[in-house]
Amino acid sequence: MRAIKNKFAGWGIATGGLSVIGAVLLIFFYLLYEVAPMFVAASIEPVNQYSVPALTEDKNSQTLMLAMEEQSEVALRVQKSGEMTFFKVSDGEILQQESLPLAGAVAAFDVNTQASRLMVFSNAQGEALLVKHNYKVTYPNDQRLITPELVYPYGEEPLDLDNGVSPITDITLRDGEEAMVIAALNEQGQLQVNRYLKEVDFLSDEVVLEYEAVNLPGIAGVINQVEIDQTMRWLFVLADQRLLHVINLEDESLTQTITLDEVGAISSMSLLLGENSLLIGNTEGKISQWFMARQEDKWRLVMARSFVLETPSAVQTIVSEQRRKGFYVAGENGRVAVYHSTAHRSLIDEKLVDGDIEFLSVSPRAKDL
């Protein structure tokens, strides 16, 4: 009997030991599977091609934005006419279409961040409507179903930007937990910045916006583009395609003006993930990264690094990834380049389509373009 017990104990110990070794090997192979793609060159493969999704009578309306949800199954097309079209990424089939409750055509448009999915629309009269595209995931009959919807986090009543001078032509949005800032540019080249402080109504639990005017210092040149950092402290104003003004919104002062003659004529400007770094592209195919830093007890916008397209051409669009420090650049003649800012590396530079690219949309997981 003792011999039998010893034999069973030996088998048990051997089985346990082999199980531990097997588990360690499985963990090793899993880690190898996860890490292996890091040693493989990046690539882009075409999956499908179809006409721009829209109703026939509204198909030619200008596209303002394209966006995809988490699973890259449903996408959204935003049009200047105010139409919002949800469609299948796989074949372009229209799933749902809604119109904005905004009077007149869209005169200006911006996105807070792609990850937040919060958009702002303004008509020429200076009315601004904030809209968010959401996606509900359910599993009827064990099949995943993604249902898109539009929500209005601050109500369907538009905000009055109180422009009162001339029609709005451009708008910039930055939304945070305690405040929101909207910068609006009119036809006369005048820039107006509105700050809204957030309070929660104790009766309805709704967020109430309290308007607060921002007095801007004088800005030299014809304004081309405006960006606001994540902290809502710094306002970056590009003027004359060569002057970059840095304005402190806290004390309403001009902190710095940079002449970008050495950088070249600016053709595109965007914010990197985190909304703390500026990506500036020029007409010669060079992209430079800038961020605010302390120098001699003063805040200064400094250039950190630069990237160059393999085939020199004007930088038309810069799109940042939502979760990594990577970004995509559309050049002329259908070329797309992919870079990683922190590693200072070029990952891809290929011609994807014939003709110029108007818009790029990168999925949240950066696996689909």
Check: Within the group ARG174, ARG195, which residue is basic (Lys, Arg), within 26 Å of the chain's Cα centre (by Cα), assigned by TED's automatic domain parsing to the domain that holds LEU100 and under 22 Å from LEU100 (Cβ atoms)?
Finding: ARG174
Check: Filter the stretch 48-78 for residues that are farther than 25 Å from LEU145 by Cα and surrounded by 14 or more Cβ atoms within 10 Å (Cβ to Cβ); which is modelled with the lowest pLDDT?
Finding: ASP58
Notebook entry, point to check: Can you pull out the residues in the stretch 231-276 that are touching a strand residue (DSSP E or B) at 6+ places or on another chain (Cβ under 7 Å), polar (S, T, N, Q), under 26 Å from TYR328 (Cβ atoms) and surrounded by fewer than 19 Cβ atoms within 10 Å (Cβ to Cβ)?
Noted result: GLN241, ASN276
Check: Name the residues in the stretch 342-355 that are in contact with a strand residue (DSSP E or B) (Cβ under 8 Å, 6 or more places away or on another chain) and either of a type in the set (A, V, I, L, M) or farther than 14 Å from VAL308 by Cβ (or both), would you?
Finding: LEU347, ILE348, GLU350, LYS351, LEU352
Check: Quick one: which strands (runs of 3 or more DSSP E) sit completely within the stretch 165-222 and have at least 1 residues that are surrounded by 12 or more Cβ atoms within 10 Å (Cβ to Cβ), small (Gly, Ala, Ser) and touching a residue at least 12 places away in the same chain (Cβ under 8 Å)?
Finding: 179-186
Next item on the list: Find all pairs meeting these conditions: Cβ atoms under 6 angstrom apart; at least six residues apart or on different chains; first residue within the stretch 134-149 and hydroxyl-bearing (Ser, Thr, Tyr); second residue in a strand (DSSP E or B).
Entry: TYR135/ILE146; TYR135/PRO148; THR138/LEU145; THR147/LYS136
Next item on the list: Scan the stretch 94-109 and give yes if some residue there is over 27 Å from the mean Cα position of the chain (by Cα) and either free of Cβ contacts under 8 Å to residues at least 40 places away in the same chain or not assigned by TED's automatic domain parsing to the domain that holds GLU127 (or both), otherwise no.
Entry: no
Item checked: Boolean, GLN230 is in a loop (DSSP other than H, G, I, E, B), of a type outside the set (D, E, K, R) and under 22 Å from GLY274 (Cα atoms) -> yes
Item checked: Complete set of residues in the stretch 248-282 that are in contact (Cβ under 8 Å) with a residue 24 or more places away in the chain and of a type in the set (Asp, Glu) -> GLU252, GLU275
Checklist line | Pair list, Cβ < 7 Å and 6+ apart or interchain, from the stretch 3-17 residues that are at pLDDT below 75 to residues that are part of a helix (DSSP H, G or I) | finding: none
Next item on the list: Assess whether LEU260 counts as being at pLDDT 90 or above and out of contact with any Cys (no Cβ under 6 Å at 6 or more places or on another chain).
Entry: no
Check: Residue check, GLN322 against (1) over 26 Å from ASP356 (Cα atoms); (2) surrounded by fewer than 20 Cβ atoms within 10 Å (Cβ to Cβ); (3) in contact (Cβ under 8 Å) with a residue 40 or more places away in the chain, all met but one. Which one?
Finding: (1)
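The values are calculated or read from the model by the stated rules, or taken from the named source; none is laboratory data. These numbers come from a predicted model, not from an experiment. Neighbour counts run over all protein chains shown; Cβ positions are idealised from the backbone, glycine included.
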